[in-house]
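To keep things clear, I will list the structure first and then write my remarks on it.
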Amino acid sequence: MANLPPQDDSQQLPPMGQQHKPTDNNNPRKRPRPKASKSSESIKAVAIYELVKGIGALIGAVALWLWHKDMERWLSTATHSWQQSFGRLLAPQVESAVQIAQQAGKNWTLFLLLIFSYASLRFIEAYGLWQDRTWAYWFGVVGYGIFIPIELYYLLTSPFDWFKLSILVLNIVIVIIVYRNMKRKGLI
C-alpha cells in the first residue's frame, strides 16, 4: 500500500442517486475553438498575394520555356491582340514587358533561373506569413519598404501613370499591414 499515490479528499463524489451535471468545459458546443494560426486575416491576405505573385512568375517561366525559340513572333501576336482589345491601355507597361521578354528570349536560361528564384522567394514569404513566422514579417516589411522610394521617384519623374500609382499605394498598404502586425506581436 505504500506505493499508492496520495488521494485528494477535496474532490467529493455526489451522493448516490444524484446525477453529475457536465460543466461547460465538457460540452463540445461550448468549448472555445482553438485557432489554427495566430496570424491575422490581413496577414493571410498578404500571404495569398505573395502566393499569387509566385504562381504568376511560374506561369511566366513556363511561357518562356515553351516559346523562347519563337519569342519575336509570339510577342508580335500578343502585342497586336492587346492593342486590338484594349487600345493604348497600359501601353507603357506593355512596351516595357515586351522589351524584357525580348531580352528573356535571348538569355532564356538565365531568365528562367531568375524567375524561379523570384517565385521561390514569394512562396517562402507566403508560407512564413501564413504560419506567423517572425522572419517573414521582417522579410515583408523590408522587401516592400525598399521599393517605395524607388516607385515614388519613378512616379514623380515620369509622366503620371495610374498603374504606377496603384503599385505604390498597394506596397504602402502592405508595409502598414505588416508593420501593425509586427507591433502587435511585439517585434518593434
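In summary, PHE139 fulfils each of the numbered conditions (1) assigned to a helix (DSSP H, G or I); (2) crowded, with 17+ Cβ neighbours inside 10 Å; (3) under 21 Å from the mean Cα position of the chain (by Cα); (4) in contact (Cβ under 8 Å) with a residue 24 or more places away in the chain with the single exception of condition (4).
In the stretch 77-120, the residue that is most open to solvent (accessible area, probe 1.4 Å) out of those that are free of Cβ contacts under 8 Å to residues at least 12 places away in the same chain and under 30 Å from TYR179 (Cα atoms) is LEU114.
Can you tell which of LEU156, LEU129 is over 12 Å from ILE43 (Cβ atoms) and either part of a helix (DSSP H, G or I) or out of contact with any strand residue (DSSP E or B) (no Cβ under 9 Å at 6 or more places or on another chain) (or both)? Outline the logic, then answer.
Details: LEU129 fails: over 12 Å from ILE43 (Cβ atoms).
Testing whether each residue is over 12 Å from ILE43 (Cβ atoms) and either part of a helix (DSSP H, G or I) or out of contact with any strand residue (DSSP E or B) (no Cβ under 9 Å at 6 or more places or on another chain) (or both) leaves just LEU156.
When LYS53 is tested against (1) of a type outside the set (Val, Ile, Thr); (2) open to solvent by 60 Å² or more (accessible area, probe 1.4 Å); (3) modelled with pLDDT of 80 or more, only condition (2) is not met. Looking across the stretch 159-179, the residues that are without any contact (Cβ under 8 Å) to a residue 60 or more places away in the chain, of a type outside the set (Ser, Thr, Tyr) and not in a loop (DSSP other than H, G, I, E, B) come down to TRP162, LYS164, LEU165, ILE167, LEU168, VAL169, LEU170, ASN171, ILE172, VAL173, VAL175, ILE176.
The values are calculated or read from the model by the stated rules, or taken from the named source; none is laboratory data. None of these values were measured; they are calculated from a predicted model. With ideal geometry, Cβ positions are generated from the backbone for all residues, glycine too; neighbour counts draw on all protein chains shown. Areas reflect the complete protein model, heavy atoms only, side chains present, ligands, DNA and RNA absent. Shrake-Rupley method; radii C 1.70, N 1.55, O 1.52, S 1.80 Å.
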